[in-house]
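Report on the structure given below.
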Amino acid sequence: MSRVLQRQSLLDMAIQEGGTLQILMELAQANNLSITDELSPGEEIQFSGKGDKKVVDIYRKNGYKPASSITIEDIDIDVQMKIFDETFDEKFE
């Protein structure tokens, strides 16, 4: 079992604790989650122990804790405004 850190997704947990994305669906089912569910910091996720032990060992040895889950609030407003600026209109040619 492993505790979720802030901004970690199930994908992050699969990599951190299983060393591969191949366990993602199994991980979701075992924890009664969807692969897109937002996880809460401190939430406990159970693992089967399957995966790529070499990758898990590297992550643990180096203290890697992936946290790729971001929300729109996390993105700088200037960046948001540049995505759809005045050059974006209803014409698609």
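The values are calculated or read from the model by the stated rules, or taken from the named source; none is laboratory data. Please read these numbers as outputs of a predicted model, since none were measured by experiment. Note that we place each Cβ from the backbone using ideal geometry, even for glycine, and neighbour counts take in every protein chain shown. Only protein heavy atoms, including side chains, enter the accessible area calculation; ligands, DNA and RNA are left aside. Shrake-Rupley method; radii C 1.70, N 1.55, O 1.52, S 1.80 Å.
A compact table of results
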item: Looking only at the stretch 47-57, and only at residues there that are touching a residue at least 40 places away in the same chain (Cβ under 8 Å) and not in a loop (DSSP other than H, G, I, E, B), the one that is least open to solvent (accessible area, probe 1.4 Å); result: VAL56
item: Answer from ASP85, ASP78, ASP74 - the residue that is acidic (Asp, Glu), open to solvent by less than 60 Å² (accessible area, probe 1.4 Å) and modelled with pLDDT under 85; result: ASP85
item: Per-region count, the stretch 22-46, residues open to solvent by less than 90 Å² (accessible area, probe 1.4 Å) and either assigned to a helix (DSSP H, G or I) or in contact with a His (Cβ under 8 Å, 6 or more places away or on another chain) (or both); result: 6
item: Residue in the stretch 5-21 that is most open to solvent (accessible area, probe 1.4 Å), counting only those that are within 14 Å of LYS65 (Cα to Cα), out of contact with any Pro (no Cβ under 7 Å at 6 or more places or on another chain) and not in a loop (DSSP other than H, G, I, E, B); result: LEU11
item: Single condition SER69 does not satisfy, out of (1) touching a residue at least 60 places away in the same chain (Cβ under 8 Å); (2) loosely packed, with under 13 Cβ neighbours inside 10 Å; (3) under 16 Å from SER2 (Cβ atoms); (4) of a type outside the set (Lys, Arg); result: (2)
